[in-house]
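Structure first, then comments.
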Amino acid sequence: GAGGVLGLLKARAQTPPWDEETFAPMKTLGAPLSEYGQRSPFEEGVVRYISPNLRTRHSGADFAPLEKLEGVITPNGLHFERHHGGVPQVDPAKYRLVIHGMVERPLVFTLEDLKRFPSVTRTYFIECAGNGQNGYRNPPDPNLTATRSRGLASNASWTGVPLALLLKEAGVKPGAKWLIPEGMDAAAYTRSLPLEKAMEDVLVAYAQNGEALRPEQGYPVRLVVPGWEGSIQVKWLRRILVTDLPAMAKDETSEYTDVMADGKVLAFTWVMDPESIITYPSGLQQIKPGFHEIRGLAWSGYGRVTKVEISFDEGKTWRQATLEPPVERYAFVRFKMPWHWDGKEVVLWSRAWDEKGNTQPTREEFFKKWGRNNRYHYNAIQAWRILPDGRVVNGDRPLGQQAFGPVGGCDGEVFDG
Amino acid sequence: GAGGVLGLLKARAQTPPWDEETFAPMKTLGAPLSEYGQRSPFEEGVVRYISPNLRTRHSGADFAPLEKLEGVITPNGLHFERHHGGVPQVDPAKYRLVIHGMVERPLVFTLEDLKRFPSVTRTYFIECAGNGQNGYRNPPDPNLTATRSRGLASNASWTGVPLALLLKEAGVKPGAKWLIPEGMDAAAYTRSLPLEKAMEDVLVAYAQNGEALRPEQGYPVRLVVPGWEGSIQVKWLRRILVTDLPAMAKDETSEYTDVMADGKVLAFTWVMDPESIITYPSGLQQIKPGFHEIRGLAWSGYGRVTKVEISFDEGKTWRQATLEPPVERYAFVRFKMPWHWDGKEVVLWSRAWDEKGNTQPTREEFFKKWGRNNRYHYNAIQAWRILPDGRVVNGDRPLGQQAFGPVGGCDGEVFDG
Amino acid sequence: LALLGLAVGARYNLGTPISEELAAQYDLRPVVLPDGRGLPPGEGRVDEGERIYAEKCASCHGARGEGYPFNRLVAEPFPITPATEPAEFAIGNYWQYATTLYDYIRRAMPFGAEGTLTNEEVYHLVAFLLYMNGIIDAHEPINQKTLPQVKMPARELLQLDPETKRRFPWLTLP
Amino acid sequence: LALLGLAVGARYNLGTPISEELAAQYDLRPVVLPDGRGLPPGEGRVDEGERIYAEKCASCHGARGEGYPFNRLVAEPFPITPATEPAEFAIGNYWQYATTLYDYIRRAMPFGAEGTLTNEEVYHLVAFLLYMNGIIDAHEPINQKTLPQVKMPARELLQLDPETKRRFPWLTLP
Ligand code: HEC
Ligand code: HEC
Ligand SMILES: [Ca+2]
Ligand SMILES: [Ca+2]
Ligand SMILES: [Ca+2]
Ligand SMILES: [Ca+2]
Ligand SMILES: [Ca+2]
Ligand SMILES: [Ca+2]
Ligand SMILES: [Co+2]
Ligand SMILES: [Co+2]
């Protein structure tokens, strides 16, 4: 029996990774076949983070649990959410998309029509412009996690018809310059999108990681606008008005505009700046001395991530991490670095570089350019501090004495507070 | 009001794609944020196909609904299943992996230990050797779908530690040539795997498409053996015996051996031959005249798919389809071809070519080599016939007068009957 | 094989043409452009707006637009500075186009009962909110013609993102 | 920076060494190799196997191993031909190694109560099934020594897959 040997083992100083149960005989028959697989009940704790003050709200955002995920694909159930009037339930049989305005032939498409067009599947990140908002806090939040630092971003394989094909089908009239896509959510959400970008790479997407879009990501049809801020990638898309002026809609004027340090307010800051976040080891995790693989995610709205660097001395020196293939444009990239932790306190920084030569600023650099009361496009380096006992905490240093914080990119509802 | 206009429209001969509901005002607030997203209720019909005779069984297989999926990623809930004693429920905290036998240091790993090693994420298909079994039927099943033709294959982004690293850690002794991985299912499933393959590219995987493995795919840990038959990719992996002989286990002798036309029985036919399946248009779908994009999936256990060809004249002439990037080794590839259907009866064939120059045989060629009573490794070309009314049916032609059929690769339980 | 003869640039003949009349019917909440296109006939008065506001908006935005539980709608008619807390951003100090107000209220308010306001009611509410923010006088009528003329104080702060300017040299802000 | 000094080929020092004794304890259903390694002490007799079979196996595999509701276990002691239906494949005509029978029954049977047979019971069942398939005589004892010697008729059909032979030239079938 196991008793004797285990009794012996229990005497050892360091607890070995076995107990009676390790040697228990295997169980009998497991579950039979099932039509749609669910997660193990032991994984039920892997969920999106919803800020306690947003649990009952219909306009808000929640975060993908970045440090609990591997690779680059965000599982559909964990893709971050952001909406302005709740998630509508749309019957795909009744779904219609209308393209009208400055076109030769206003057209209405059924979902079946859209699927008959030539299709494209590509992996693209989508990031809320409000991602990183917790970085505005001073002093920095000691309980920050990778999720709460950068989890308003996700990455999926999107399938759809190039918007360019639909526009050609309708025949865009000379003089048209703008598209006003509209959602079928309660807010009838609209934004302005230059025709040029649409002709380049915008998708009218109906699938996400192989299956139909999830309701929170716009079922049955959404825009995917590679590299640009999430809020322009209109979900539950019901029509596109082709016109010659931008709408200057509420969410491109009163929201999603950027208050710079010099007092200017920038409109149409569409491209998402390079980002990286170390997901392991990261805030609120605990590690032991010895070997670890530092792991993280990087992306840039300017195209391909070319390099990710890690610093162990708060930016004095940098070492290049490995990027795991395939490294795709406008998509999450997984970076890794083998590392031996000697048990001494250390601060980890990471920064991404993209094909246009952009990289991430330090916090000081970021705030020199962007105002402290801005709400969007925070992409400063995130630091993690490993304490001697192995606990990992926010390693960002306070900036001066003044306390400030993110008061929300959700119309007065803070994302996370 | 809508009535007047719609009344007018109703008079038109062809029903337009709108009715009163198309113009109905939008609904009020939708659903609030949620911790783990679920599919739209309208997608509940997208499920794995379980053969009616397997619904109550604990040893069996079900099929990924290939023609209902886009891109190349199989969603985790829809990855095909195959198991020999049901799906065990494993507590990840109690999980242990033991490597023993011909090693310097027998080792036991916790799940946390495994995750600390350098990790690899790669997209690989997994295919049951019994995939395609419905192709053994004569006359061919007129109601065949793409799912029932080739749905015992799926494709996912797997994350894990290279088995080579764990073996180096244990120190393989000279003379060791084989590994016997064992599952913690009721059948304590085992197979024999040459050490050489393990040192090359086998993964001890713990994540699937970003999140923890699904129970049906081996939660918390399984082997992923790129390009090789699914049954060797042992799930719920509890130990690996390092030794100098193969076990000649039940499932590599009495099952998963191949009865050839010449009467020989082949053992260790591990590599999965090239495959392709047109998913649109495919069996039991219905199409209208006009433009269609022919879409399908291709893969090969020999590495990269280099080319997929489509024939509209039962193999007399072939045209090359487009492969959608990134085209990865040992992974599903999506192929596409623009096509205008003129409403006349036509038969579509597809065949994949791989980097080793292999391609798919016709049914005649296949049966010349493989016996008609074999159960595995069917990879003959699948034909779809478009009837003048647009219905798509199995386009395989009967072979002679003799009726025969797949009597099962599941120990007398047919996969699909 | 003629089956595959799809000329480059040719149409796919998918989708169904829809008449301008039907498209207008589908256009449930028309987009209002900064030049006033999309604005319906009708006119708004501050006093009437005050009445509707009290009934349909005050519960969420405060009796005088000071906010709570939801967004503050009223601010001094001076643009924000980098020191202004985002919670203070509101129509008077941050909104750059008066037309946005019409577009947004018709489109998305009142929260939970969107699409229930008449075009006329929206005009009244816009007039009232512009008045409360110190942008217009109590007697100024707000209509198709006047609304696009209303100058918002924060407009002077607004500039195009430099990267956007670089990529789309033709692009200017209305 | 010395932090990163991980020499190529060095060990990661992860995982915990486990003694051979503990590993054996973890080895709940030992692998039986074709040369007999993994077989326990003990011996099986056909008549005793017949008794256990009737009690624990017949309900699934038929009174005389003819199958139903689950697999047929008994066939003539001649190998299959390409004309044999897979449903007819069984121990006598398809199994190539007698040791597999011990390994599999101990490992996976009886279905739904796996791991409940004693080593001795498995020997009895193996003896009975080999006898029923016409492979051994009723009095032949089955043990560590005799079982690996038992020749299975179907072994002569078995060959290595040519692709496997090409990739692993050292590989031969036991
Ligand atoms: C039940 C609550 C509720 C009611 C009633 C309501 N609102 Fe709102 N209002 C909101 C919420 C929530 C938002 C933020 C929406 C978002 O996230 O996009 C908002 C946003 C706004 C904004 C944009 C503020 C900004 O600066 O971003 C305006 C303007 C507005 N409401 C006007 C109105 C008017 C006018 C009415 C009455 C006709 C009204 N609201 C009624 C909840 C309400
Ligand atoms: C409750 C039903 C059940 C009982 C009882 C049962 N079996 Fe089985 N047996 C099965 C099933 C189901 C399979 C196929 C398992 C798989 O899919 O891998 C099987 C397979 C087998 C096989 C492999 C057959 C082949 O050629 O692939 C053997 C040998 C076997 N059983 C022997 C036994 C013996 C000996 C006993 C009694 C100790 C027994 N079984 C009791 C259901 C049962
Ligand atoms: Ca922006
Ligand atoms: Ca960002
Ligand atoms: Ca606001
Ligand atoms: Ca095989
Ligand atoms: Ca196959
Ligand atoms: Ca069998
Ligand atoms: Co907003
Ligand atoms: Co089997």
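Inspection of segment C:122-138 identifies at least one residue that is loosely packed, with under 14 Cβ neighbours inside 10 Å and of a type outside the set (S, T, N, Q). Of all residues in segment B:226-249, those being out of contact with any Ser or Thr (no Cβ under 6 Å at 6 or more places or on another chain) and farther than 27 Å from B:R214 by Cβ number 4. From the list A:E255, A:E275, the lone residue that is buried (at least 24 other Cβ atoms within 10 Å of the Cβ) and away from ligand 10 (no atom under 16 Å from the Cβ) is A:E275. Could you count how many residues in segment C:15-33 are of a type in the set (V, I, T) and within 13 Å of A:I240 (Cα to Cα)? Residues meeting the conditions: 1. Does any residue of segment A:263-276 turn out to be more than 9 Å from chain C (Cβ to nearest Cβ) and assigned to a strand (DSSP E or B)? Checking segment A:263-276: at least one residue is more than 9 Å from chain C (Cβ to nearest Cβ) and assigned to a strand (DSSP E or B). Scan segment A:112-131 for residues that are more than 10 Å from chain B (Cβ to nearest Cβ) and more than 16 Å from ligand 9 (Cβ to nearest atom) and the total you get is 3. Looking across segment B:79-102, just one residue is farther than 20 Å from A:S40 by Cβ and either within 16 Å of ligand 2 (Cβ to nearest atom) or surrounded by fewer than 22 Cβ atoms within 10 Å (Cβ to Cβ) (or both), and that is B:M102. Scanning segment B:108-119 for residues that are outside any helix (DSSP H, G or I) and surrounded by fewer than 21 Cβ atoms within 10 Å (Cβ to Cβ) yields B:T110, B:P118.
Residue pairs whose Cβ atoms lie under 6 Å apart, separated by 6 or more positions or on different chains, with the first residue in segment A:249-260 and at pLDDT 95 or above and the second more than 9 Å from ligand 5 (Cβ to nearest atom) and of a type in the set (K, R), are A:A249/A:R191; A:E252/A:R191. Scan segment B:85-106 for residues that are in contact (Cβ under 8 Å) with a residue 60 or more places away in the chain, under 28 Å from the mean Cα position of the chain (by Cα) and within 7 Å of another protein chain (Cβ to nearest Cβ) and the total you get is 6. Return the only residue of D:I105, D:I80 being crowded, with 19+ Cβ neighbours inside 10 Å and either more than 13 Å from every other protein chain (Cβ to nearest Cβ) or under 16 Å from the mean Cα position of the chain (by Cα) (or both). That would be D:I105, the only listed residue that is crowded, with 19+ Cβ neighbours inside 10 Å and either more than 13 Å from every other protein chain (Cβ to nearest Cβ) or under 16 Å from the mean Cα position of the chain (by Cα) (or both).
Does segment A:294-330 hold any residues that are away from chain B (no Cβ under 12 Å), touching a strand residue (DSSP E or B) at 6+ places or on another chain (Cβ under 6 Å) and among the β-branched types (V, I, T), and which are they? Passing the criteria: A:V305, A:T306, A:V308, A:I310.
Every residue in segment A:229-265 that is more than 16 Å from ligand 9 (Cβ to nearest atom) and more than 30 Å from C:A24 (Cα to Cα), please. Across segment A:229-265, the qualifying residues are A:M260, A:A261, A:D262, A:G263, A:K264. For segment C:118-133, enumerate the residues that are out of contact with any strand residue (DSSP E or B) (no Cβ under 8 Å at 6 or more places or on another chain) and either within 12 Å of another protein chain (Cβ to nearest Cβ) or over 14 Å from C:R29 (Cβ atoms) (or both). Residues satisfying the conditions are C:L129, C:Y131, C:M132, C:N133.
Looking at D:Y102, D:Y97, D:Y123, D:Y131, just one residue is touching a residue at least 40 places away in the same chain (Cβ under 8 Å) and more than 19 Å from D:H61 (Cα to Cα), and that residue is D:Y97. Determine whether segment C:143-159 contains at least one residue that is β-branched (V, I, T) and either assigned to a loop (DSSP other than H, G, I, E, B) or buried (at least 23 other Cβ atoms within 10 Å of the Cβ) (or both). The answer is yes, given that some residue of segment C:143-159 is β-branched (V, I, T) and either assigned to a loop (DSSP other than H, G, I, E, B) or buried (at least 23 other Cβ atoms within 10 Å of the Cβ) (or both).
The values are calculated or read from the model by the stated rules, or taken from the named source; none is laboratory data. What you are looking at is a predicted structure, and each value in this text was computed from that prediction instead of being measured. Because the Cβ atoms are built from the backbone with ideal geometry, glycine has one as well, and the counts that use them run over all protein chains shown.
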